[in-house]
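Before any comments, here is the structure.
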Amino acid sequence: MADPQEVLAQRVSAAIAAAFGAEHAGDDPVIRPSSFADYQANVALPLAKKLGRPPREVAAEIAGHLDVEDICRTAEVSGPGFINFTLRNEWIAGQAGGLLEDPRLGVPVADPVQKVVVDYSSPNVSKEMHVGHLRTTVVGDAVVRILEYLGHDVIRANHLGDWGTQFGILIEHLLDVGEDTALKELSAGEINAFYRAAQAKFESDPAFADRSRRRVVLLQGGDAETLRLWQVLVDYSKQYYNTIYRRLGVTLTDDDLAPESFYNPMLADVCDELERDGIAVMSNGALVAFPPGFTGRDGNPLPMILRKSDGGYGYDTTDLAAIRYRIRDLKANRLIYVVGAEQSLHFRMLFAVAREAGWLTDEIRAEHAVIGLVSDPHGGRLRTRTGETVRLITLIDEAVERAGRVIADRYDDPVLRQEIAEAVGIGALKYGDLSVARDSGYVFDFDRMLALTGNTGPYLQYATARIRSIFRKAGIDPGTMSAALRLDEDAERALALTMLGFGTAVGKAAEGAEPHVLAGFLFDVASAFTTFYEHCPVLAAPSPELRDSRLALSALTLRVLVTGLGLLGIPVPERM
């Protein structure tokens, strides 16, 4: 089983080498879908510039050396130098039949296998999870699922914000209001209210602010009572965000925690190493690194403060300790940070210092998987009517409630209806994030996300439900289908051809940490199936052979969609 674009690329590369010499074998064949055939090779245009010959003449020379008789019905030169390829129906049918028999649906196991750390979600213990955490969480989880499906050794790293200045503020506020009173407030789920009251006091009361800063030093120094109070705050927050993860179907657990506090014992040694190697220097009483190439608006070098003048450490130091630990101790050879775009400068500077220190090498890949902003219809950050950031649990509840209204007249059983509403609502939320290029912002719109048409989670879920209904009516388990495929109709052919790209879509999504590539592919499959369903009767096919063929094609579509949606973390209800 193979992606036609990959097969054609190999054949065209061989023809280029045969026509113009082995030195051109590495030229990109530039295989693209074509509106005049199935695919076209556009390589003749750039190659002609190198050779100093007319593009059409170069295309003809390549075509003359092509060996594609077994896969193509035609391979013709057209226009200024394109080579158009129309695949043989029987070749497409054979490849699609191979997918149906393949437990991995044509997705190869990675070679070599990498150890990959994916840093994602990373809520702050001192704050309630909000809509901004949704995208980093679901994108990161999809990246993890995809990489694991390819066979990579993946470490989930939930870099929990559980350390630093904010906890000095919270602990002092807890002491002021009394531990019993504070715990009642926290157990009632009023994390944000507790945080806002503490922050307001910090900003208005200099004595409280001074106490909070001293408390941070005690925390980082290991004071027993301070650590006990800190643990109380952490435990209450864990209960909350674990509830969110379970609701979203996210694979993170407490075993995946990589909190800031974990790196605290390493901070002094990181600073000593960087100072010893001349990467960090003392400046105004603080230990600072100045990675080369980073300057402010005034032209002066931008600093990374590693140790403050009061002896405290910031998150720059923690992130440096984390990257060193992940490379030296975990032996990772790929690091993916699924974090918002506003942290881009921080990660560029972080990677620069890590490279100066010799931790990051050419054999280790570190990347900031940038997450774009989700905005309201007016272009601002998504907020409530009172101007507050939308709570994530509120967003989830509303998505499920709206989904329930969409399917309210479909099922009498309230339990079944609620299960479907939960799957559809959460699937719509997650797919809304995953279907957009992760570094792009988008406008949050419940009506669009929950629509049963267009590139939405419910549309893909409905496609799987529709296929399952076919097999329920037939009384057949789709997993048992193994009939030879016939592709007599254009819609049959188009559906089979589309699905041959599954392995490539998964590979590209993994390579770029870009789940939207896989989401877009699945939407193409669902769209092709809709056209097939409308034009090609399955159970009422004209002959038993054609009926079995269309059932087999439907079974393959179901497997591709269910597998792909599973890699994205999208729930797939049996009925809709």
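The values are calculated or read from the model by the stated rules, or taken from the named source; none is laboratory data. Note that the structure is predicted; figures quoted are calculated from it, not measured. So basically every Cβ, Gly included, is an ideal-geometry build from the backbone, and we count neighbours across all protein chains shown. Areas reflect the complete protein model, heavy atoms only, side chains present, ligands, DNA and RNA absent. Shrake-Rupley method; radii C 1.70, N 1.55, O 1.52, S 1.80 Å.
Of the numbered criteria (1) open to solvent by 60 Å² or more (accessible area, probe 1.4 Å); (2) part of a helix (DSSP H, G or I); (3) at pLDDT 95 or above, the one E23 fails is (3). Here the condition is being touching an Asp or Glu at 6+ places or on another chain (Cβ under 6 Å) and either in a helix (DSSP H, G or I) or closer than 30 Å to I327 by Cα (or both); of W230, W163, it holds for W163 alone.
The rows are residues; the columns are (1) among the aromatic types (F, W, Y); (2) more than 28 Å from L558 (Cα to Cα); (3) in contact (Cβ under 8 Å) with a residue 24 or more places away in the chain; (4) crowded, with 17+ Cβ neighbours inside 10 Å.
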{"residue": "R56", "(1), (2), (3), (4)": "no, yes, yes, yes"}
{"residue": "E61", "(1), (2), (3), (4)": "no, yes, yes, yes"}
{"residue": "D67", "(1), (2), (3), (4)": "no, yes, yes, no"}
{"residue": "D70", "(1), (2), (3), (4)": "no, yes, no, no"}
{"residue": "P80", "(1), (2), (3), (4)": "no, yes, yes, no"}
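Listed by position, the helices (runs of 4 or more DSSP H) contained in the range 242-358 that have at least 2 residues being over 32 Å from the mean Cα position of the chain (by Cα) are 267-276. Residues considered: A193, A200, A182. Of these, the only one that is free of Cβ contacts under 8 Å to residues at least 24 places away in the same chain, surrounded by fewer than 20 Cβ atoms within 10 Å (Cβ to Cβ) and touching a helix residue (DSSP H, G or I) at 6+ places or on another chain (Cβ under 8 Å) is A193.
Number of residues in the range 513-531 that are open to solvent by 10 Å² or more (accessible area, probe 1.4 Å) and not aromatic (F, W, Y) equals 9. Of the numbered conditions (1) open to solvent by 50 Å² or more (accessible area, probe 1.4 Å); (2) without any contact (Cβ under 8 Å) to a residue 24 or more places away in the chain, V30 fails exactly one; give the number of that condition. All conditions pass for V30, except number (1).
Do any residues in the range 262-291 that are of a type in the set (G, A, S) and at pLDDT 95 or above have Cβ atoms under 7 Å from those of residues that are in a loop (DSSP other than H, G, I, E, B) and open to solvent by less than 40 Å² (accessible area, probe 1.4 Å), where the two are at least six apart or on different chains, and which pairs are they? From the range 262-291, the pairs are A289/I279. Which of the following residues is surrounded by fewer than 19 Cβ atoms within 10 Å (Cβ to Cβ) and either at pLDDT 95 or above or out of contact with any Leu (no Cβ under 8 Å at 6 or more places or on another chain) (or both): A510, A540? Every option except A540 fails the conditions. Among residues of the range 421-433 that are under 11 Å from L248 (Cα atoms), those with a Cβ under 9 angstrom from a residue that is among the acidic types (D, E) and surrounded by fewer than 22 Cβ atoms within 10 Å (Cβ to Cβ), sequence gap 6+ or separate chain, pair up as G425/D397; G425/E398; G425/E401. Residues in the range 389-421 that are closer than 30 Å to N124 by Cβ and open to solvent by less than 50 Å² (accessible area, probe 1.4 Å): V390, L392, I393, L395, I396, A399, V400, A403. Note on the range 320-330: residues that are open to solvent by 20 Å² or more (accessible area, probe 1.4 Å) and in contact (Cβ under 8 Å) with a residue 40 or more places away in the chain total 3. Residues that are part of a loop (DSSP other than H, G, I, E, B) and in contact with a strand residue (DSSP E or B) (Cβ under 9 Å, 6 or more places away or on another chain) within the range 147-160 comprise H152, H159, L160, listed in sequence order. Take the residues in the range 95-112 that are among the charged types (D, E, K, R) and part of a loop (DSSP other than H, G, I, E, B); name whichever of them is farthest from Y149 (Cα to Cα). In this case the residue turns out to be D102. Among the residues of the range 147-168, is there at least one that is of a type in the set (V, I, T), modelled with pLDDT of 90 or more, buried (at least 16 other Cβ atoms within 10 Å of the Cβ) and at negative phi? The answer is yes; a qualifying residue exists. Residues in the range 460-469 that are open to solvent by 10 Å² or more (accessible area, probe 1.4 Å) and in contact with a Leu (Cβ under 9 Å, 6 or more places away or on another chain): Y462, R468.
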